[in-house]
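Participant: Right, I'll just put the structure down here and ask away after.
The values are calculated or read from the model by the stated rules, or taken from the named source; none is laboratory data. Not measured: the values here are computed from a predicted model. Heads up, the Cβs are rebuilt from the backbone with ideal geometry, glycines too, and the neighbour counts pull from every protein chain shown.
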Amino acid sequence: MARDRSPKCRQCRREGMKLFLKGERCLTEKCAIERRSYPPGEHGRGRIKQSEYLLQLREKQKARRYYGLLEKQFRTYYAKATKATGVTGEALLRMLETRLDNVVYRLGFAASRAQARQLVRHGHFQVNGRRVNIPSYQVKPDDVITMAPNSSAQQVIRDATDLTASVAPWLQADHDGLTGKILKWPERSEIDTPVQESLIVELYSK
């Protein structure tokens, strides 16, 4: 399965903010943003001419990297969002948030989305009692996520829960039993993704 293999810290520096792509490292002084807060590359410290297109592009790239998607995957989600009812930008974020790998991360069962993706791919989680190894699987309200029986990743998952300060209000997590439940569809006010989705819609609408 295709995935973005570019350096994670370089992506955060490019967007000028922490995207929390490397889990626990992002919380320490080793974080690249803490050490070099300017964009990567030879002209990283130079003055960049701002434009409407640049702002829109940066928001799209930020969202794509935040959720760990390739351009083709992200564009497919946008195409589906345009056909959904309601505001296109909010529908896009809702679909990204309800990916199984993101939900595993939001529940606190992984230190990063990359780790969550790997755990799902290796079959360490079940949805409603059935093993699911597709990171893009779309969960829905009342779905129950549990760790697969006899999973060899139990300690890794428990270590990740120790880093979790809180769980999104549209989710319910039991860190002792390592189970989670989707209570409802997430509303925009409950999604803390640091992007302006309206700029993404403007970019793709051109």
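Participant: Is region 157-167 home to any residue that is more than 19 Å from ALA114 (Cβ to Cβ) and surrounded by 13 or more Cβ atoms within 10 Å (Cβ to Cβ)? Give the steps one after another, and end with the answer.
Facilitator: Taking region 157-167 first, the residues more than 19 Å from ALA114 (Cβ to Cβ) are 165-167.
Adding the requirement that they be surrounded by 13 or more Cβ atoms within 10 Å (Cβ to Cβ) leaves 167.
Yes, that holds for at least one residue.
Participant: How many of the residues making up region 105-118 are touching a residue at least 40 places away in the same chain (Cβ under 8 Å), over 17 Å from PRO169 (Cβ atoms) and hydrophobic (A, V, I, L, M, F, W, C)?
Facilitator: Number of matching residues: 4.
Participant: If only one of LEU178, LEU183 is buried (at least 16 other Cβ atoms within 10 Å of the Cβ), of a type outside the set (Phe, Trp, Tyr) and over 21 Å from LYS80 (Cβ atoms), which one is it?
Facilitator: Working: LEU183 fails: buried (at least 16 other Cβ atoms within 10 Å of the Cβ).
Every option except LEU178 fails the conditions.
Participant: GLY86: at pLDDT below 95, of a type outside the set (Asp, Glu), outside any helix (DSSP H, G or I) and surrounded by 22 or more Cβ atoms within 10 Å (Cβ to Cβ), yes or no? Show your work before the answer.
Facilitator: On the way: at pLDDT below 95: yes; of a type outside the set (Asp, Glu): yes; outside any helix (DSSP H, G or I): yes; surrounded by 22 or more Cβ atoms within 10 Å (Cβ to Cβ): no.
No, not satisfied.
Participant: Hey, another quick one. Is it true that some residue in region 58-77 is among the hydroxyl-bearing types (Ser, Thr, Tyr), modelled with pLDDT under 90, crowded, with 20+ Cβ neighbours inside 10 Å and closer than 25 Å to THR161 by Cβ? Steps first, please.
Facilitator: Going through region 58-77, the residues among the hydroxyl-bearing types (Ser, Thr, Tyr) turn out to be 66-67, 76-77.
Now narrow it down to the ones that are modelled with pLDDT under 90: 66.
Then keep just the ones that are crowded, with 20+ Cβ neighbours inside 10 Å; that gives 66.
Checking which are closer than 25 Å to THR161 by Cβ leaves us with 66.
Yes: one or more hits.
Participant: Here are ALA116, ALA91: which of them is among the hydrophobic types (A, V, I, L, M, F, W, C) and in the same structural domain as GLY177 (by TED's automatic domain parsing)?
Facilitator: On the way: ALA91 fails: in the same structural domain as GLY177 (by TED's automatic domain parsing).
It is ALA116.
Participant: Would you confirm whether any residue within region 125-138 is under 18 Å from LEU178 (Cα atoms), surrounded by 24 or more Cβ atoms within 10 Å (Cβ to Cβ), in contact with a Ser or Thr (Cβ under 9 Å, 6 or more places away or on another chain) and at pLDDT 95 or above?
Facilitator: Yes: region 125-138 contains one or more residues that are under 18 Å from LEU178 (Cα atoms), surrounded by 24 or more Cβ atoms within 10 Å (Cβ to Cβ), in contact with a Ser or Thr (Cβ under 9 Å, 6 or more places away or on another chain) and at pLDDT 95 or above.
Participant: Report yes if VAL103 is crowded, with 22+ Cβ neighbours inside 10 Å, within 24 Å of SER166 (Cβ to Cβ), in contact with a Ser or Thr (Cβ under 6 Å, 6 or more places away or on another chain) and not basic (Lys, Arg), otherwise no. Explain how you work it out, then say what you get.
Facilitator: Values: crowded, with 22+ Cβ neighbours inside 10 Å: yes; within 24 Å of SER166 (Cβ to Cβ): yes; in contact with a Ser or Thr (Cβ under 6 Å, 6 or more places away or on another chain): no; not basic (Lys, Arg): yes.
Here the answer is no, as VAL103 does not meet what is asked.
Participant: Which one of these does ARG117 not meet: (1) of a type in the set (D, E, K, R); (2) closer than 26 Å to THR88 by Cα; (3) over 17 Å from the mean Cα position of the chain (by Cα)?
Facilitator: With (1) of a type in the set (D, E, K, R); (2) closer than 26 Å to THR88 by Cα; (3) over 17 Å from the mean Cα position of the chain (by Cα) applied to ARG117, the lone miss is (3).
Participant: Among the residues of region 157-200, write down those that are among the β-branched types (Val, Ile, Thr), touching a residue at least 40 places away in the same chain (Cβ under 8 Å) and over 30 Å from THR88 (Cβ atoms). Give the steps one after another, and end with the answer.
Facilitator: Taking region 157-200 and keeping what is among the β-branched types (Val, Ile, Thr), we get 157, 161, 164, 167, 179, 182, 191, 193, 195, 200.
Subset that is touching a residue at least 40 places away in the same chain (Cβ under 8 Å): 157, 161, 164, 167, 182, 191, 193, 195, 200.
Those that are among the β-branched types (Val, Ile, Thr), touching a residue at least 40 places away in the same chain (Cβ under 8 Å) and over 30 Å from THR88 (Cβ atoms): ILE157, THR161, THR164.
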